[in-house]
Amino acid sequence: MKKKLIYLLCPILLASVLFTACSNDDDLSATSVIRETTTEENDLDRWLQHYYMLPYNIQFKYRFEDIESSMEYYLTPASYEKSVAMAKLVRHMCLEVYDELTGSCEFIKAYFPKVLCLVGSYAYKTNGSVVLGTAEAGAKITLYNLDNLNTSTVNSKTAYFKTIHHEFGHILNQTKPYSTDFPKISGDKYVQDDCFDVYDDTSSLKDGFITAYASNSAGEDFVEIVSIYVTRTAEEWEEKMVTAGTSGREIIESKLTIVKSYMENSWNINLDDMRAVILRRASEAPHLNFSDLTIEAE
């Protein structure tokens with residue numbers, strides 16, 4: 001009996017609600033009940049506005065946003081402290097490298113992605129590998145695994161910065177293509193997505209690829225050479241060439257010649273000068289003040 005009463009009352013209540021709603025249309029507020037989430041500006045926001053937005057027009061997104069994140073992975077936000085550290089490190093070890101080489105911030109402002117996103121956790125693929133960074137159509141770079149950033153041991157080979165130089169290399173190549181002679185050097189040896197099944201970072205050298213990932217495609221090969229060369233000392237590079245052996249060395253050095261020529265002729269950047277600047281700045285990086293967000297007067 002109680003059930004019958006409930007069902008009988010529902011149409012009556014619904015009619016009452018509709019009648020009331022219709023009769024009060026003129027009294028409705030024009031203000032939407034849906035409000036955008038607002039976040040109070042903090043010291044890091046002000047620092048980023050001054051050192052990223054104003055000189056480079058780059059949005060540095062450290063707060064977790066679903067719309068900026070991949071739905072393929074289970075991801076967590078980067079902490080505030082790690083975000084402060086990474087903001088300072090990227091500026092010192094990447095952006096200002098190009099400022100120093102080109103003489104102004106205009107190069108980065110013109111070509112670097114306009115959005116840089118941070119994620120606290122790794123992005124795990126279904127095959128067990130992890131994603132260190134991604135780039136989307138030259139517009140955005142996402143860096144993962146901020147939870148494991150250690151400012152006291154950071155150096156030129158730290159994955160985040162090698163990843164940025166790699167991804168930025170793609171953008172430069174898309175803007176000004178490299179010589180068609182480059183893909184011919186390795187020809188049909190590129191193995192695409194099977195690269196990590198076919199090679200490791202030692203065996204790849206003997207076949208003329210600076211890393212296993214370089215064997216994916218000519219485009220990856222090109223930017224791997226750039227990012228590995230500029231983040232290693234001359235001694236570390238030579239160690240790789242010794243491992244490569246006579247045949248592997250000849251192939252890699254042929255590729256390096258084209259890469260150096262491209263950077264010099266297309267962008268007026270000497271790759272050896274770039275390496276010197278990166279290595280020097282990397283040695284300074286652990287000594288940056290990661291707690292000070294003071295904006296210096298200019």
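Listing for the model above:
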{"item": "Region 163-268: relative contact order as a whole-number percent, Cα under 8 Å and 6+ apart", "result": "31"}
{"item": "Inter-probe distance in nm under a simple model that places probes 7 Å from Cα toward Cβ, at ASP43 and GLU239", "result": "3.8"}
{"item": "Packing rank of 75-82, 151-158, 164-171, where each peptide gets the mean count of other beta carbons within 10 Å, highest leading", "result": "164-171, 75-82, 151-158"}
{"item": "Accessible surface ranking that places the most exposed of HIS50, HIS287, HIS92 first, with a 1.4 angstrom probe", "result": "HIS287, HIS50, HIS92"}
{"item": "Region 169-298 - convex hull of the alpha-carbon atoms, volume per residue in Å³", "result": "151"}
{"item": "For region 226-298: relative contact order, % (alpha-carbon pairs under 8 angstrom, 6 or more apart)", "result": "41"}
{"item": "Equivalent ellipsoid, region 250-298 (semi-axes from 5 times Cα gyration tensor eigenvalues, Å)", "result": "34, 15, 7"}
{"item": "Sites ALA110 and GLU264 - FRET efficiency at Förster radius 25 Å, r taken between beta-carbons, to 0.05", "result": "0.85"}
{"item": "Exceeding the 19 Å Cα-Cα cut-off - candidates LYS140/LYS255; LYS176/LYS255; LYS157/LYS240; LYS109/LYS176", "result": "LYS140/LYS255"}
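The values are calculated or read from the model by the stated rules, or taken from the named source; none is laboratory data. Remember, it's a predicted structure, so these values are computed and weren't measured experimentally. When we count neighbours, we look across all protein chains shown, and the Cβ atoms used for this are built from the backbone with ideal geometry, even at glycine. Heads up: the accessible areas ignore ligands, DNA and RNA and are worked out on the full protein's heavy atoms, side chains in. Shrake-Rupley method; radii C 1.70, N 1.55, O 1.52, S 1.80 Å.
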